[in-house]
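Reviewing the structure listed below.
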Amino acid sequence: MNQYKSFAPVLPYLAIGAGLFWFNNAWAALVGFHIVILFTVWVLRPSLPVNTLFKSRSPKWIAASVLFCSTSGIGLYFLWPVFDVADDLPAQLLSMGLTLASWPWFIAYFSLINPFVEEYFWRGVLGNDMLNLYIGDVVFAGYHSMILWGRVRPIFILFAVMILVSAGWLWRQISREDGGLLAASLGHMAADFTILTTIYWISAL
């Protein structure tokens with residue numbers, strides 16, 4: 001497994017890039033991202049059981065993770081004017097297949113499926129128990145720069161990536177302390193849901 005592990009993030013990056021810049025379709029990017037992650041996991045055949053996704057030693061970690069990560073969408077709402085988001089963002093999202101009718105389905109799929117896929121991959125298969133910052137935290141955050149490209153100014157892309165590096169580190173520490181991936185996955189779910197709901201609500205105005 002180790003001989004392939006260092007190359008494991010390559011396909012997810014390519015899937016996001018192809019979905020966004022070649023197909024120009026949010027669904028293609030997201031579903032393609034998940035397919036290549038599952039394929040990569042199949043190739044790596046990690047010893048980590050999938051049921052680790054549903055393990056937690058204490059409800060306090062779940063509550064803390066969900067409550068803290070739920071502030072993500074609130075923070076985005078108040079920082080929206082500061083981020084200097086592109087005026088044509090609604091048109092960009094529409095051109096990528098995110099219509100008013102499809103948005104709720106996209107939010108539901110993204111919020112319910114993505115956190116478990118990502119946490120098992122980034123924090124589980126590619127994770128590390130070290131307390132310090134880990135290269136995997138940076139790699140996890142990095143692909144988000146492609147999602148933000150052309151939608152906010154580069155300086156704010158850098159800011160967002162730094163926040164996501166911190167999030168990756170935090171979810172890794174929660175998983176280490178809690179002995180499972182459930183608390184991190186549910187926190188990730190809360191972050192995804194509140195962020196996407198905020199984007200949907202603001203772009204629909």
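For LEU67 and ILE135, the FRET efficiency from 1/(1 + (r/R0)^6), where r spans their Cβ atoms and R0 equals 35 Å, is about 0.75. Backbone phi angles across the stretch 8-15, fed through the Karplus curve with coefficients 6.51, -1.76 and 1.60 (θ = phi - 60°), yield HN-Hα couplings of 4, x, 4, 4, x, 5, 5, 5 Hz in residue order; Gly and Pro are listed as x. Under the shape rule built on the C-alpha gyration tensor, where the axes satisfy a ≥ b ≥ c, the stretch 76-163 is oblate, since a/c reaches at least 1.5 while a/b does not exceed b/c. Comparing Cα centroids, the stretch 28-56 and the stretch 83-160 end up 17 angstrom apart. With a Förster radius of 30 Å applied to the beta-carbon distance between SER6 and PHE156, the computed FRET efficiency rounds to 0.50. Each of LEU79, LEU131 was scored by other Cβ atoms within 10 Å of its Cβ. Arranged with the fewest first, they read LEU131, LEU79. The HN-Hα couplings worked out from phi for the stretch 40-49 by the Karplus form 6.51 cos²θ - 1.76 cosθ + 1.60 (θ = phi - 60°) are 4, 4, 4, 5, 6, 6, x, 7, 5, x Hz, whole numbers, x standing for Gly and Pro.
Report the calculated FRET efficiency for TRP149 and LYS60 (r = Cβ-Cβ distance, R0 = 41 Å), to the nearest 0.05. Walk me through the intermediate numbers first.
Numbers: r = 38 Å, r/R0 = 0.93.
With R0 = 41 Å, the Cβ-Cβ based efficiency is 0.60.
Placing unit charges on each Cβ (+1 for Lys and Arg, -1 for Asp and Glu) gives the stretch 51-203 a dipole about its Cα centre, and among TYR77, SER185, LEU148 the Cα reaching farthest toward its positive end belongs to SER185. For the chain, modelled as a GNM with alpha-carbon contacts under 10 angstrom, which of ILE163, ILE195, ILE147 fluctuates the most? Top of the fluctuation ranking is ILE163.
Computed from the coordinates by the stated procedures, all read-outs in this text should not be read as laboratory data. Here the structure is a predicted model, which is why all the values come from computation and not from measurement. All Cβ positions, even for glycine, are placed from backbone atoms using ideal geometry, and neighbour counts span all protein chains on display.
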